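The values are calculated or read from the model by the stated rules, or taken from the named source; none is laboratory data. Note that the structure is predicted; figures quoted are calculated from it, not measured. So basically every Cβ, Gly included, is an ideal-geometry build from the backbone, and we count neighbours across all protein chains shown. Surface accessibility is based on the protein's heavy atoms, side chains included, excluding ligands, DNA and RNA. Shrake-Rupley method; radii C 1.70, N 1.55, O 1.52, S 1.80 Å.
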Amino acid sequence: AKEGEIYAKDELKKLNDNLTTATDEVNAQSKKLFKNFGKAKEMLAKIKKDADDLVPVIATRKEEAKNNALTAQNEAKAAFEEAKALVAKAPRGKGTAADIEAFKADLKALEASLTEVQQAIDGENYPGASDKANAIKEKAAGISDQVKKAIEKARGKAPARAKPTTKK
C-alpha cells in the first residue's frame, strides 16, 4: 500500500472509494430480512481484479522513478563536478577571495547533499532522490554560471549575449 500511495495515488484512492461503496452495500444487505449479496460480491470481485491489475503498474512506475532518480543523480554529479572544476579555475585577486570561499562552502554542502541523494536511492525514496538531485543540479549550475561570468570579466570580456536581430 505504501508504494501504491506513491506511484498510483489516484488509482489507489479509486480502489478505496470502491471498497467503501462495496462495504456500504454489504452493510445495507446485512440489515435486510432477505439478504442479497450478489451486487456486493460483484463489486468486491471487480475491486480485487483492479487491485491485481494495479500491482504491475506500480512496479513499472517504481522502476521509472528509480531510473529518473539515477539519471537526475548522474546529472547532479556532472553539474557538481563542473562547478568544482570551474571554482578551481576561478580568477584569484582583489575582491574575489570571499566569493571563492563562499562557492567552496556551497560545493561542500552540495557534496553532502549528493550523499543524501544516494541514501534516498538506497532507501527506495526515488521521488525524494530526484527532487534533491535536481536541486543540487540547479545550485551547481548557478555556481558555474557565476564563475564563468567572473572568468570572462577577468579576461576583459563582457559576458556572451545573444546577438541583436536586424530588421530587413
Subset of the stretch 3-27 [hydrophobic (A, V, I, L, M, F, W, C), within 21 Å of the chain's Cα centre (by Cα) and open to solvent by less than 80 Å² (accessible area, probe 1.4 Å)]
Ala8, Leu12
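Condition check ((1) surrounded by 11 or more Cβ atoms within 10 Å (Cβ to Cβ); (2) aliphatic (A, V, I, L, M)) across all residues:
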{"residue": "Gln29", "(1), (2)": "yes, no"}
{"residue": "Asp52", "(1), (2)": "no, no"}
{"residue": "Ala83", "(1), (2)": "yes, yes"}
{"residue": "Pro91", "(1), (2)": "yes, no"}
{"residue": "Phe103", "(1), (2)": "yes, no"}
Which one is most open to solvent (accessible area, probe 1.4 Å) among residues in the stretch 123-146 that are over 12 Å from the mean Cα position of the chain (by Cα) and among the hydrophobic types (A, V, I, L, M, F, W, C)?
Ala141
State yes or no: is Ala90 among the aliphatic types (A, V, I, L, M) and modelled with pLDDT of 95 or more?
no
Do any residues in the stretch 78-93 that are in contact (Cβ under 8 Å) with a residue 40 or more places away in the chain have Cβ atoms under 8 Å from those of residues that are surrounded by 12 or more Cβ atoms within 10 Å (Cβ to Cβ) and not in a helix (DSSP H, G or I), where the two are at least six apart or on different chains, and which pairs are they?
Ala90/Thr96
Of all residues in the stretch 31-48, which are small (Gly, Ala, Ser), within 25 Å of Gly4 (Cα to Cα) and exposed (fewer than 13 other Cβ atoms within 10 Å of the Cβ)?
Ala45
Find the residue count for the stretch 116-151, including only residues that are more than 30 Å from Pro91 (Cβ to Cβ) and part of a helix (DSSP H, G or I).
14
